[in-house]
2 protein chains.
Amino acid sequence: MVLIFHERVGLDGRRISPFSWRIRYALAHKGLDPDVVPTRFADVARIRALSGQDLVPIIEDDGYVVHDSWSIACHLEDRYPDRPSLFGGAAGRGAARLINVWSDTVLGRAMRPQIYADFIRCIDPGDRAYFRRSRETQLGMTLEQYSADRDAALPAALAVCAPLERTLSEQQFVAGGAPAYVDYIIFSVFQWARIGSPRDVLADATTMNATREWRARMVAMHGGLGDRFAGYPIDTA
Amino acid sequence: MVLIFHERVGLDGRRISPFSWRIRYALAHKGLDPDVVPTRFADVARIRALSGQDLVPIIEDDGYVVHDSWSIACHLEDRYPDRPSLFGGAAGRGAARLINVWSDTVLGRAMRPQIYADFIRCIDPGDRAYFRRSRETQLGMTLEQYSADRDAALPAALAVCAPLERTLSEQQFVAGGAPAYVDYIIFSVFQWARIGSPRDVLADATTMNATREWRARMVAMHGGLGDRFAGYPIDTA
């Protein structure tokens, strides 16, 4: 079996993509140890030739080429059914899809202005011009303008997390008593925020204690996977 | 086995509670046919004596008295494990809890001003003074004031549903290929809105086609359960 994981990397090998993070956790959950191909934004020609589109993560699995993190998670679940389940069955997979969409479009968007002006410094220097240009075109403003009001916007961003906080005050993981892909989905957004900025969005949030403790459990699991790579580049800024 | 379902009712036996609706669907899903005790707000002394708190739904199941819709769903799942599963396993139950909290606190609150000024006419005439007083105290304004800007607020309420719409454009039910408790949770909010107002919140929403079609599937299932009781009292208003 040849299993290859094309994973987004930034400055000095930092793992900067929430979508790659959720697949990294999913692979660990399944006990799979792929060959990792660190992938910069500059590697887009290779990615396009491989998959017909521009984004990572991508999994190459014995001839299958699967892109899009949700499709990869489903592929891993279906191809390795005898390993620990990512979804816990069909109903769990269905519900996970709603949580996936919510996480990407609501939670992720709420967190993005909290980190984006800092995040550029996690990008490989050779990718920064591309990253800034593409994101600023999409946003219609500079990264710094986009993040300028982040302190004022933080309470609203955390309000988006209120259902998560309440759920985690009742159970150890989003998936209940043990972590599953729904945890990896949501954690990946907080991990992106954690690595992408020196300012912890949960640091002063007294209303987010359960989420902060869950995040620590998520960082620590799978052999401390959340701390395996370098964090925000404070000293090299 | 004696199974009793204390269910909230309004004018002429209308079923007016989203929390009772999700339990009604859960019972049908499990193939359980309880004795139903229609329960008005005025019946609070009986409910308090039975359960030590004021709210329905309540299930009495062979000596167990269980209140709170989430607790009832878990009770039914654990007590009738050989009947069709409401959660599809532990991970599905965990994820359903997050969706339950989101549905009650985010979706439900977004929909409430869309219907509240109309909803009073679904309440039993003998309960209306209590309903109005308790809700207006909670809201700090009249029901009519609370719903006054509902047309302007509708796009924001539907924006809350965007992750649901996208999910349902990809799969038939929230739980995937077949309905489960996560569907009943979210449907109960739309059913409450559907019965509680003559104005369909999804009527003109061209961006909510998948949700509207799913709602119709939900109304039709379990023998047309969603249409078993009277709708909004247009003619008696």
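Summary of computed values
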| quantity | calculated |
| --- | --- |
| Pair list, Cβ under 8 Å, 6 or more apart: the stretch A:93-113 residue more than 9 Å from chain B (Cβ to nearest Cβ) and buried (at least 19 other Cβ atoms within 10 Å of the Cβ), other residue in a helix (DSSP H, G or I) and charged (D, E, K, R) | A:113/A:150 |
| Selection status of residue B:69, of a type outside the set (Lys, Arg) and touching a Pro at 6+ places or on another chain (Cβ under 7 Å) | yes |
| Residue list for the stretch B:69-79, restricted to those being within 14 Å of chain A (Cβ to nearest Cβ) and either buried (at least 16 other Cβ atoms within 10 Å of the Cβ) or modelled with pLDDT under 95 (or both) | B:70, B:73, B:74, B:77 |
| Which listed residue, of A:118, A:82, A:62, A:54, is surrounded by fewer than 16 Cβ atoms within 10 Å (Cβ to Cβ), away from every other protein chain (no Cβ under 14 Å) and in contact (Cβ under 8 Å) with a residue 60 or more places away in the chain | A:62 |
| Test: residue B:131 is within 14 Å of another protein chain (Cβ to nearest Cβ), assigned to a helix (DSSP H, G or I) and aromatic (Phe, Trp, Tyr) | no |
| Search result, residues across the stretch A:152-169 that are at the interface with chain B (Cβ under 7 Å from one of its Cβ atoms) and among the hydroxyl-bearing types (Ser, Thr, Tyr) | A:167 |
| When residues of the stretch B:170-195 are limited to those that are crowded, with 24+ Cβ neighbours inside 10 Å, among the aliphatic types (A, V, I, L, M) and facing chain A (nearest Cβ under 9 Å), the one nearest to residue B:107 (Cα to Cα) | B:186 |
| Of all residues making up the stretch B:90-108, the number that are touching a helix residue (DSSP H, G or I) at 6+ places or on another chain (Cβ under 6 Å) and under 23 Å from residue A:180 (Cα atoms) | 11 |
| Exclusive hit being part of a helix (DSSP H, G or I) and modelled with pLDDT of 95 or more, set B:104, B:82, B:54 | B:104 |
| Condition broken by residue B:146, with the remaining ones in (1) assigned to a helix (DSSP H, G or I); (2) under 19 Å from residue B:212 (Cα atoms) satisfied | (2) |
| Residue count, the stretch A:22-51 (criterion: touching a strand residue (DSSP E or B) at 6+ places or on another chain (Cβ under 9 Å) and in a helix (DSSP H, G or I)) | 9 |
| Residues located in the stretch A:198-217, provided they are touching a residue at least 60 places away in the same chain (Cβ under 8 Å) and of a type in the set (A, V, I, L, M) | A:201 |
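The values are calculated or read from the model by the stated rules, or taken from the named source; none is laboratory data. No experiment lies behind these values; they were computed from the predicted model shown. Reconstructed Cβ throughout: ideal geometry from the backbone, glycine too, with neighbour counts over all protein chains shown.
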